[in-house]
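To keep things clear, I will list the structure first and then write my remarks on it.
Coordinate-derived values only; no laboratory data. These numbers come from a predicted model, not from an experiment. Positions of Cβ are generated from backbone atoms using ideal geometry, with glycine treated the same way; all protein chains shown enter the neighbour counts.
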């Protein structure tokens with residue numbers, strides 16, 4: 001069969017990570033090695049929104065140093081979005097618009113880096129193209145700090161967010177250990193709305209019983225107030241201080257988010273509801289029930305962008321995934337997402353790439369295995385440490401400017417001239 | 001005059017920093033070079049509390065690698081405290097107890113690393129010793145991330161907290177720039193209860209108009225709600241997104257902390273008071289007034305402990321201060337704090353140490369000069385960048401373990417046997 005010839009478009013979707021640009025870099029550089037097949041390399045501004053709104057740019061007009069610099073630039077340099085396409089019947093207009101734009105620009109290769117929702121979108125675009133007889137190759141690239149994608153050993157972005165969060169809680173632990181006579185408890189709020197992978201990952205910082213985090217709370221283990229107070233008291237009795245890793249998605253036994261509870265849990269000493277997130281609620285509980293001072297840290301978006309202390313393994317694997325996506329595409333493979341396969345472990349850790357069906361990934365979810373947590377659910381096991389440790393290896397190199405701060409890349413974005421005759425407003429009927 | 005011969009004790013006080021251990025390392029290693037004068041080198045557990053409670057340890061029994069490792073270990077390895085000694089008449093018992101302990105252990109050299117309050121304590125101990133005829137040499141070592149000590153060009157700890165915070169807001173900026181179609185504004189809450197040095201320091205991250213932070217709010221410039229909303233709207237109009245550096249000590253025109261305002265400012269859309277700090281209050285204002293989604297980041301204690309991305313210049317200067325303290329002491333100088341003197345600037349930046357009277361430092365305060373901020377007070381000037389840039393130079397080396405995470409030191413603390421016949425409970429009459 002003759003190889004499909006045409007342009008490719010790359011897009012990023014969902015919450016950015018420290019290494020999603022590295023994936024894009026891998027896909028661009030590999031695509032550029034096949035100019036007889038992939039004729040033009042375009043980027044979509046803010047994910048699928050850029051396709052819908054016909055805001056695309058020519059990545060081959062970027063300086064080579066900008067493309068290379070993506071490997072050490074956090075966030076989503078193409079721009080990202082949280083625009084969600086529903087199923088083919090409900091969002092039909094959107095899907096048809098995407099194909100209209102693809103036709104206008106002779107886009108024959110579509111690379112989409114994202115999580116479950118993005119893989120679902122990619123899958124549906126692929127289906128519609130097939131149904132309408134438009135030749136299109138769609139390849140997904142796994143991306144999520146949450147590490148909850150099925151069919152892949154782990155997700156690019158996860159290693160870096162854990163490396164940084166574990167380091168940060170180690171440092172916060174040193175702080176609490178020093179100043180515990182005044183600030184006795186520290187609660188660090190950690191990302192992961194539905195999965196406790198990252199929060200549990202901070203357990204890596206705990207090499208000895210004095211080390212933080214002393215207690216870990218993940219969404220997968222229902223939060224019981226009385227047990228929490230008991231656990232904190234026990235740590236305080238033993239050490240005099242306590243550092244807690246609190247997953248933002250912590251839930252009670254009824255499956256309700258702790259952060260959304262305005263009732264018994266969520267009130268401060270003045271009876272006001274606390275809406276500052278789960279860490280503030282736990283602080284309020286500790287201060288009123290245990291009568292010691294507690295502080296909160298919430299690294300927020302910094303945690304998923306911490307290229308200044310990212311995992312080199314993660315950066316390299318992200319690149320490898322992007323590269324593998326482009327290789328699969330030029331071989332004519334479509335409807336797949338690139339996965340990571342752990343070939344060997346420990347000091348001989350080795351990872352290769354594989355492929356999984358987009359539809360399977362879209363409908364799957366990988367929860368934190370219960371055996372990665374101790375019986376009480378407040379600490380991690382050796383099995384989790386074995387799984388995690390290889391993912392944190394190496395420090396990703398970054399450029400530092402004369403001002404002593406990192407230098408990250410911003411793409412020039414050489415815009416393509418609009419080719420369809422109409423303006424399209426996503427989400428409007 | 002014959003040199004005073006006896007033991008020394010080192011103590012750390014107040015909020016820890018990334019480099020205060022480096023100062024202690026400098027003081028220990030320099031003291032050890034004068035065994036004919038300084039016979040024993042002790043540490044006090046948790047600052048002055050350790051002296052009052054007679055909890056001290058022998059630092060010469062620590063493995064050499066532990067002492068050396070202090071240079072790359074954040075926080076206060078001796079332990080710190082916020083115990084405040086009042087003036088000589090009101091806290092007389094405490095001061096007398098300190099001298100009682102010093103006599104019992106033949107402590108003739110006292111090194112105290114801390115901020116204004118600690119220098120005040122050190123000064124009073126020095127005075128009382130003189131009054132009671134006890135030969136004692138007291139030398140202070142400047143320490144505070146807040147950079148608000150007078151008589152010193154800058155404070156050890158400041159360079160590192162700025163380097164890290166500026167990097168973090170640069171990374172948060174990349175995040176907002178990528179995902180602004182969903183999360184439009186990000187507010188990063190930054191330490192500095194009374195001084196805006198650190199918050200303003202994040203302005204270093206802004207190399208071009210697109211770069212974060214777009215707006216800076218410091219305690220020195222009164223916060224006016226209407227101007228704030230106007231400023232945010234203006235940035236949003238220009239860029240589509242906005243990243244704000246909010247000093248935790250922001251005050252209104254009446255000098256009241258914004259974070260403590262339960263009234264007009266401090267209410268969320270349900271009418272509940274927001275107590276999660278200034279960032280949550282600003283988020284609430286933006287979401288209700290401008291109707292865009294805002295996120296908050298609060299690095300909390302992590303920012304002052306971020307040895308994983310500390311300034312090498314800062315670490316080295318902190319060491320130099322500790323060393324200079326010990327040198328001054330063995331030369332018989334007392335009642336002084338070691339200061340930093342900027343000898344030259346720019347690429348030829350050079351810093352040496354000086355000495356200032358403890359009493360002068362105790363009563364002084366160095367505010368952020370108005371000329372370091374632009375007219376509106378929401379950005380920094382070239383003068384501030386020139387002042388700051390040398391302090392951020394170089395990455396402090398750290399050890400990384402097989403698990404991919406930093407290795408920090410914990411002192412073994414070989415306890416000294418109590419020598420006074422009584423138990424003393426600080427703060428009790």
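For region B:268-418, relative contact order (Cα pairs under 8 Å, six or more residues apart, normalised by length) works out to 21 percent.
Compared with the dominant Cα axis of chain B, that is its longest principal axis, helix B:278-289 is turned about 10°. Across chain A, C-alpha contacts under 8 Å between residues 6 or more apart give a mean separation that, scaled by the residue count, equals a relative contact order of 23 percent.
So for each of A:71-79, A:17-25, B:120-128, A:320-328 I average, over its residues, the number of other beta carbons within 10 Å; can you give me the resulting order with the highest mean first? Numbers along the way, then the final one.
Working: A:71-79: 27.3, A:17-25: 32.3, B:120-128: 23.0, A:320-328: 25.0.
With the highest mean Cβ count within 10 Å placed first, the list reads A:17-25, A:71-79, A:320-328, B:120-128.
Across A:260, A:210, A:226, mean-square fluctuation computed from a Gaussian network of chain A (C-alpha pairs under 10 Å connected) peaks at A:226.
Counting only other chain Cβ atoms within 10 Å of each residue's Cβ, the peptide B:132-144 averages 0. For region B:158-305, DSSP calls about 10 percent of its internal beta bridges antiparallel.
When you look at the Cβ of every residue in B:394-405, what mean number of other chain Cβ atoms sits within 10 Å? Provide the component values of the computation, followed by the final result.
On the way: counts 2, 4, 0, 0, 3, 0, 5, 4, 3, 11, 17, 12.
Whole-number average of other-chain Cβ neighbours for B:394-405 is 5.
Summing -39500 (n - 2.57) over the DSSP H runs of n ≥ 4 in the protein assembly as shown and dividing by its residue number, what mean residue ellipticity at 222 nm do you reach, to the nearest 500 deg cm²/dmol?
Details: 24 runs with 276 residues, N = 858.
-10000 deg cm²/dmol, from helical runs alone.
In terms of its C-alpha gyration tensor, region B:158-305 has an oblate overall shape, because the principal axis ratio a/c (a ≥ b ≥ c, square roots of the eigenvalues) is not below 1.5 and a/b does not outweigh b/c. Entry note, region B:158-305: relative contact order of 28 percent, from Cα contacts under 8 Å with a spacing of 6+ residues.
What is the protein assembly as shown by shape, rounded, prolate or oblate, if you read a ≥ b ≥ c off the alpha carbon gyration tensor as root eigenvalues and call it rounded for a/c under 1.5, prolate for a/b larger than b/c, and oblate otherwise? Before the final figure, lay out each step's value.
Details: a/c = 1.98, a/b = 1.90, b/c = 1.04.
Note, shape of the protein assembly as shown comes out prolate.
Relative to the dominant Cα principal axis of chain B, helix B:158-179 is inclined by about 20°. For the peptide B:46-58, the mean number of other protein chain Cβ atoms found within 10 angstrom of a residue's Cβ is 1.
Please work out whether region A:40-110 counts as rounded, prolate or oblate from its C-alpha gyration tensor, where a ≥ b ≥ c are the square roots of the eigenvalues and a/c under 1.5 means rounded, while otherwise a/b larger than b/c means prolate and anything else oblate? Oblate.
Each 5 Å bin from zero holds the following percent of Cα-Cα pairs in region B:86-201: 2, 10, 16, 14, 11, 10, 10, 8, 6, 4, 4, 3, 2, 0, 0. Sorted shortest first, the separations between the residue B:4 label point and its copies elsewhere in the assembly read 8.3 nm; each point sits 7 Å from Cα along the Cα-to-Cβ line. Distances between equivalent label points of residue B:347 across the copies, with each point positioned 7 Å along Cα→Cβ, amount to 4.6 nm, shortest listed first. On a 0 to 90 degree scale, rounded to 10, what angle separates helix B:312-330 from the longest Cα axis of chain B? Tilt of helix B:312-330: around 30 degrees.
Sorted from nearest, the other copies put their residue B:64 label points 4.9 nm away, the label point being 7 Å from Cα in the direction of Cβ.
Determine, for B:180, B:112, B:257, B:164, the number of other Cβ atoms within 10 Å of each Cβ, and report the residues in order from fewest to most.
Values: B:180 23, B:112 28, B:257 15, B:164 31.
Listing B:180, B:112, B:257, B:164 from fewest to most nearby Cβ atoms yields B:257, B:180, B:112, B:164.
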